[in-house]
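Q: The structure that follows is given in the form of structure tokens.
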Amino acid sequence: MSLVELIARADTRGLAGSGLACLDRCVPLLDGDDEVIRPLWATLADETGEASDWARGLARVRDRLAGPDADGEDEAVLLARRMLAAAPAECSGAGIRAWADACSVASLRIHRLLDPAVDAATGADVRRAGGTEDGTERPSPLVAAELRRQVTVLEVLAGHGPAGLRRAVEVSTEGRRVLRAVVSRRARGRR
């Protein structure tokens, strides 16, 4: 199943987990530590939790990741900031579906922008609806890995419900480490 199909079929927890995982992997761009998103993951794991837990957790994450004005920030950082800003206060309904979809697109774009193997300015956005059987360009390794992570997160959440959250967090942590290394190399190259 394609990424677009997985998002279309996902339940609320799957959508929230998908969007949250994309945001979590992009935390290095916002100078966040590895634990900043953990409270939001916990709200998804708590079956008896209240909707207000998500809203409170989201407000705390926004406070901790608040950055300078957008002036002077590059596109990758701006996309990550928009992902966080667009997160709905209610972890339900059409808002969470739209957010998960937007996070998927933004995260793939971020990975394309940061990939040293491609010129992100010249290429189209990454295809999420299917493979490359139609002869279109294959994504670079960094983008392909992000695409696989997004699919994996949605599949484990669809197949295992709350029990899949642990694997989703592991996949997200792995991706965050990769992106942190890319961001670090990029910063060193600019000096």
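Q: Could you count how many residues in segment 58-116 are in contact (Cβ under 8 Å) with a residue 60 or more places away in the chain and touching an Asp or Glu at 6+ places or on another chain (Cβ under 7 Å)?
A: Within segment 58-116, residues that are in contact (Cβ under 8 Å) with a residue 60 or more places away in the chain and touching an Asp or Glu at 6+ places or on another chain (Cβ under 7 Å) number 2.
Q: Modelled with pLDDT under 95, open to solvent by 30 Å² or more (accessible area, probe 1.4 Å), out of contact with any Leu (no Cβ under 7 Å at 6 or more places or on another chain) and not charged (D, E, K, R), is that true of THR132?
A: On the way: modelled with pLDDT under 95: yes; open to solvent by 30 Å² or more (accessible area, probe 1.4 Å): yes; out of contact with any Leu (no Cβ under 7 Å at 6 or more places or on another chain): yes; not charged (D, E, K, R): yes.
Considered against the rule, which asks whether it is modelled with pLDDT under 95, open to solvent by 30 Å² or more (accessible area, probe 1.4 Å), out of contact with any Leu (no Cβ under 7 Å at 6 or more places or on another chain) and not charged (D, E, K, R), THR132 comes out as yes.
Q: Let me ask something else. How many of the residues making up segment 156-180 are within 12 Å of ARG13 (Cα to Cα) and crowded, with 16+ Cβ neighbours inside 10 Å?
A: 6
Q: Select from segment 98-124 the residues that are outside any helix (DSSP H, G or I) and at pLDDT 55 or above and list them in ascending order. Step through it out loud before you land on a result.
A: Going residue by residue through segment 98-124, those that are outside any helix (DSSP H, G or I) are 115-124.
Listed by number, the residues that qualify are ASP115, PRO116, ALA117, VAL118, ASP119.
The values are calculated or read from the model by the stated rules, or taken from the named source; none is laboratory data. These numbers were taken from a predicted model, which means no experiment stands behind them. Positions of Cβ are backbone-derived with ideal geometry, glycine not excepted, and every protein chain shown enters the neighbour counts. Side chains included, ligands, DNA and RNA excluded: accessible areas come from the protein's heavy atoms. Shrake-Rupley method; radii C 1.70, N 1.55, O 1.52, S 1.80 Å.
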